[in-house]
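First comes the structure, then the notes that go with it.
The values are calculated or read from the model by the stated rules, or taken from the named source; none is laboratory data. Model, not experiment: these values are computed from the prediction. Here the Cβ positions follow ideal geometry from the backbone for every residue, glycine too, while neighbour counts run over all protein chains shown. SASA here: full protein model, heavy atoms, side chains in, ligands and nucleic acids out. Shrake-Rupley method; radii C 1.70, N 1.55, O 1.52, S 1.80 Å.
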Amino acid sequence: MKEQLLQHPVFKMAAEQFDRSADFLGLTEDVRERCKWPKRLITVTIPVKRDSGETEVFFGYRVQHHLSRGPVKGGLRFHPNVDIGEVAALAMWMNWKCALMGLPFGGGKGGVTCDPRTMSPHELENVTRRFASEMLPFIGPEVDVMAPDMGTNEQTMAWITDVYSTHAGHLVPGIVTGKPVILQGSEGRTAATGHGVAFLAARALKRIGVKHDRATAVVQGFGNVGSHAARTLESYSINVIAVSDVSGAIHNADGLDIETLMQYVKDTGSVKDFPGSESIDPESILTMECDVLMPCALERVITEKNAADLKCKVLAEGANGPTTPNADAIIEKRDDIFLIPDILCNAGGVTVSYFEWVQNLQRFQWSEQEVLSKLDTMLAQAFDKVVNYAKWNKLPNRVAALSLGIKEVADVKSQRGLYP
Ligand code: GLU
């Protein structure tokens, strides 16, 4: 299984990042092995009747990387290319992210290989409900708490809550996070990941001495993360000059009106032909001149092919794993780029998920202001911790962030010892 996982390009990347930090930390071989490999890799089939009347069998996955520090936490992704290797890599990153933020969770991730864009709401509901029921033996508020990720949303979480609660015989709100607020979801959760990405990008700009009202930003990916990141940037007076999604890329040197663009995407389904913008080559968006570049879509978009051509001052990773280790090697040598690594940069989502879980366990609801101010405090603390650790230890920011997270997990594993 180890070899099989390492053959997957995304898992290989997560494993290489882990090895580098484990070397720096000097982890002993036993702790290193226990930290590196996932505790549970679950694969299920999901037979679903499509609207056409035909039955289709989808594959679904859940990887629970480790449970040493609490329930596993992480999103559920619906995407045509998702597979067990990618899910395992994303689960491993969730570990270090939760540990870095001091959240009492291990890392998990789930996925269903399907294309939600070609499925009706009814088909999506059936896939979600059957996946949730296949997961019943493996999940629970103290075991594994899912959340939205690419291709899923609060409606998906409402269906999972319904399946789990129906089987329990009573409402179990703590089974997932990212639920609708009327179903005891948390205020602020939908915007949290994007808000956090923008909040940290602004903090990085301040650190390198770039004034917000003169700054420009480029956002690759305009889904939940990218759109809310752009909106928060706009609220800081940072000009978002280009964005892209699967349909293409748009540009306006004077800044795009994000609120209107979000409404336009809601109405038309994409950023394409947004009035007042010119369309540009989506390939070129990553190498546009700007102060902040935010990759907010899939993994491995910044590679050895384009890393030397980046023209940003801050690289804020809204996506998980957007930069390959080969690209990292190039970026590390460039002292003109300040990197905010994914496990820190997009941690706003899981942090508010933690708040949601706590509110659910306490049967208590916090206000949006309370949520966002607690979130900003925790992100600022984590940012300073990473930047200081990097400075003291002469490490790139990514290695610093990963090392801080991995060390937490390694210490807990060592302290708990090995059973039997
Ligand atoms: N899917 C998000 C992530 O990658 C959020 C996970 C969660 O809230 O549990 O961080």
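Would the stretch 123-130 turn up any residue that is in a loop (DSSP other than H, G, I, E, B) and surrounded by 20 or more Cβ atoms within 10 Å (Cβ to Cβ)? No, the conditions are met nowhere in the stretch 123-130. Among the residues examined, residue 364 qualifies as over 18 Å from the mean Cα position of the chain (by Cα) and either farther than 30 Å from residue 290 by Cβ or of a type in the set (A, V, I, L, M, F, W, C) (or both). Every residue in the stretch 180-209 that is assigned to a loop (DSSP other than H, G, I, E, B), touching a residue at least 60 places away in the same chain (Cβ under 8 Å) and open to solvent by 10 Å² or more (accessible area, probe 1.4 Å), please. Listed by number, the residues that qualify are 184, 187, 188, 208.
Right, residue 245: among the acidic types (Asp, Glu) and under 18 Å from residue 340 (Cα atoms) or not? For residue 245, the condition - among the acidic types (Asp, Glu) and under 18 Å from residue 340 (Cα atoms) - is not met. Of everything listed in (1) closer than 28 Å to residue 407 by Cβ; (2) buried (at least 17 other Cβ atoms within 10 Å of the Cβ); (3) touching a residue at least 40 places away in the same chain (Cβ under 8 Å), the single unmet condition for residue 361 is (2).
The set of residues in the stretch 159-179 being in contact with a helix residue (DSSP H, G or I) (Cβ under 7 Å, 6 or more places away or on another chain) and either part of a loop (DSSP other than H, G, I, E, B) or within 15 Å of the ligand (Cβ to nearest atom) (or both) consists of 160, 161, 171, 172, 173, 174, 175, 176, 177, 178, 179. The condition (being within 18 Å of the chain's Cα centre (by Cα) and part of a strand (DSSP E or B)) is satisfied by just one residue among 375, 339: 339.
Note on the stretch 283-330: among residues that are touching a residue at least 40 places away in the same chain (Cβ under 8 Å) and assigned to a helix (DSSP H, G or I), the one that is farthest from residue 347 (Cα to Cα) is 285. In the condition set (1) within 11 Å of the ligand (Cβ to nearest atom); (2) open to solvent by 10 Å² or more (accessible area, probe 1.4 Å), residue 214 is compliant with all but (1). Checking each residue in the stretch 90-118 for being within 21 Å of residue 246 (Cα to Cα) and open to solvent by 20 Å² or more (accessible area, probe 1.4 Å) picks out 113, 115, 116, 117, 118.
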